[in-house]
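The values are calculated or read from the model by the stated rules, or taken from the named source; none is laboratory data. Keep in mind the model is a prediction, meaning the values are calculated, not measured. In this analysis, Cβ positions are derived from the backbone assuming ideal geometry, glycine residues included, and neighbour counts consider all displayed protein chains.
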Amino acid sequence: MPADLAVETAHLLVVDDDARLRALLQRFLAEQGFRVTGAPDSAAARQALSAMAFDLVVLDVMMPGETGLQLVESLRREGNDVPVLMLTARGGPDDRVAGFEGGADDYLAKPFDPRELALRIRTILRRAAPPPATALPQAPVQLGMRWFDAERSELRGPEGTIRLTGGEAALLAALARRAGDVLSREEIAAALGTPEAGERAVDVQVTRLRRKIEPDPREPRFLHTVRHRGYVLRPGP
């Protein structure tokens with residue numbers, strides 16, 4: 001299936017305790033061509049995720065009981081790497097960083113234009129979609145005992161496949177495409193489709209990725225910080 005068609009027919013899970021907003025989002029996103037399922041809280045979201053496969057979750061942060069942030073953190077611990085776009089009435093830098101630290105792929109502050117929500121959803125889905133068949137394949141990149149296959153967004157090692165979130169896979173793919181070149185935080189944010197996220201959010205994603213590719217994240221061998229410039233990936237055995 002062509003990537004654009006796969007994006008437009010994606011199945012979304014919208015989780016928000018505000019019944020009116022949830023209904024509005026479901027109707028708008030359905031009009032955009034998506035298949036949409038709604039859930040009023042984290043418990044209902046868990047049930048839906050266990051019963052069906054979703055391409056992306058639109059998740060409110062502040063909900064009674066288990067919050068959206070707690071839910072996405074739990075999903076990541078369980079190895080569920082479904083892309084997550086978080087919605088919140090608190091859109092400050094610290095709140096965005098907390099969302100990215102928890103494993104979210106993007107973050108949108110309320111109130112928002114529904115058209116921007118749809119645009120961000122499509123950006124995340126395209127980022128996660130397989131590349132077109134006509135694209136030149138990129139050779140896997142060696143990171144010590146592990147190999148990253150950008151074509152499959154897959155990181156493998158002696159222990160098997162290491163799960164990456166959509167944001168982590170996109171970050172590693174962007175760095176791998178320009179291995180040996182220093183990428184500024186602005187370039188990385190643009191590659192992730194989140195140019196407004198800010199430098200701290202990029203730093204958070206880098207920290208999360210280092211935990212998965214570095215033998216010792218405190219002494220990086222592959223993903224290096226270049227002071228005042230950005231980050232560079234230096235693959236090797």
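Figures for the structure shown
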item	result
Which numbered condition E168 fails, given (1) touching a helix residue (DSSP H, G or I) at 6+ places or on another chain (Cβ under 6 Å); (2) outside any loop (DSSP other than H, G, I, E, B); (3) surrounded by fewer than 19 Cβ atoms within 10 Å (Cβ to Cβ)	(3)
Tabulated pairs, the range 67-87, first at positive phi, second surrounded by fewer than 24 Cβ atoms within 10 Å (Cβ to Cβ), C-beta under 7 angstrom, 6+ apart or interchain	G79/R163
Answer residue from the range 80-105, given it is crowded, with 20+ Cβ neighbours inside 10 Å and either touching a Pro at 6+ places or on another chain (Cβ under 8 Å) or among the polar types (S, T, N, Q) (or both) and is nearest to H11 (Cα to Cα) among those	D105
Residues of the range 157-191 satisfying the condition of being of a type in the set (S, T, N, Q) and within 22 Å of E73 (Cα to Cα)	T161, T165
Residue satisfying all of: in the range 134-185; among the polar types (S, T, N, Q) and under 20 Å from T207 (Cβ atoms); nearest to the chain's Cα centre (by Cα) among these	T165
Neighbours by Cβ (under 9 Å, 6+ apart or cross-chain): first from the range 110-125, closer than 12 Å to L85 by Cα and modelled with pLDDT of 90 or more; second surrounded by 17 or more Cβ atoms within 10 Å (Cβ to Cβ) and among the hydroxyl-bearing types (S, T, Y)	R120/T194
Close pairs from the range 174-189: first more than 16 Å from A128 (Cα to Cα), partner among the basic types (K, R), Cβ under 8 Å, at least 6 apart	A179/R234; G180/R234; V182/R229; S184/R229
Filtered residues of the range 21-79 (kept if among the acidic types (D, E) and surrounded by 14 or more Cβ atoms within 10 Å (Cβ to Cβ))	D41, D55, D60, E66, E73
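Residues are listed down the side, and each one gets a yes or a no for (1) assigned to a helix (DSSP H, G or I); (2) of a type in the set (A, V, I, L, M, F, W, C); (3) within 17 Å of A104 (Cβ to Cβ):
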residue	(1), (2), (3)
A174	yes, yes, no
E187	yes, no, no
V206	yes, yes, yes
D216	no, no, no
T225	no, no, no
V232	no, yes, no
